[in-house]
Amino acid sequence: QVQLAESGGGLVQPGGSLRLSCSVSGNIFSFYVMGWYRQAPGKPREWVANIASGGTPNYADSVKGRFTMSRDNAKKTVYLDMNSLKPEDTAVYYCTADHLGRRSWGQGTQVTVSS
């Protein structure tokens, strides 16, 4: 059972930045395709970004150019650097790990962009 723990959420003003982190349990982190999703109030969950081990990140159009996803296999951690944040980025952000057709989810971390 893979366990994921997100951190780094909070309240930030429009135009500000935040870094989310997701630490992963287990010994085969390097095999996981890692992802970030988010869910805003009253809206369906949406994909934000993902990255395979040794691969380049992929981004949703809504965050491209503002968000950067990275991974540190030695620390078994992925990051989501969020810049130029907008009120519409307000959501609960979830980390995911995909391996052999199974997806594990973290508990989520709240990001609120408001003045």
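The values are calculated or read from the model by the stated rules, or taken from the named source; none is laboratory data. Keep in mind that what you see is a predicted model, and the values were worked out from it rather than measured. Please note: Cβ atoms are built from the backbone with ideal geometry, for glycine as well, and neighbour counts cover all protein chains shown. All accessible areas refer to the heavy atoms of the entire protein, side chains included, with ligands and DNA or RNA removed. Shrake-Rupley method; radii C 1.70, N 1.55, O 1.52, S 1.80 Å.
Things to note:
- Sole exception among (1) farther than 16 Å from GLN3 by Cα; (2) surrounded by fewer than 15 Cβ atoms within 10 Å (Cβ to Cβ); (3) under 13 Å from the mean Cα position of the chain (by Cα) for ALA91, by number: (2)
- Assessment of the stretch 2-12 against the conditions (modelled with pLDDT of 95 or more, out of contact with any Leu (no Cβ under 8 Å at 6 or more places or on another chain), assigned to a strand (DSSP E or B) and open to solvent by 30 Å² or more (accessible area, probe 1.4 Å)) yields at least one matching residue.
- For the stretch 63-88, the set of residues classified as of a type in the set (A, V, I, L, M), at pLDDT 95 or above and within 30 Å of ILE28 (Cβ to Cβ) consists of VAL63, MET69, VAL78, LEU80, MET82, listed by residue number.
- Close pairs (9 angstrom Cβ cut-off, 6 or more residues apart or separate chains): among the small types (Gly, Ala, Ser) in the stretch 37-48, not in a loop (DSSP other than H, G, I, E, B) anywhere: ALA40/GLU46; ALA40/GLU88; ALA40/ASP89; ALA40/ALA91; ALA40/VAL92
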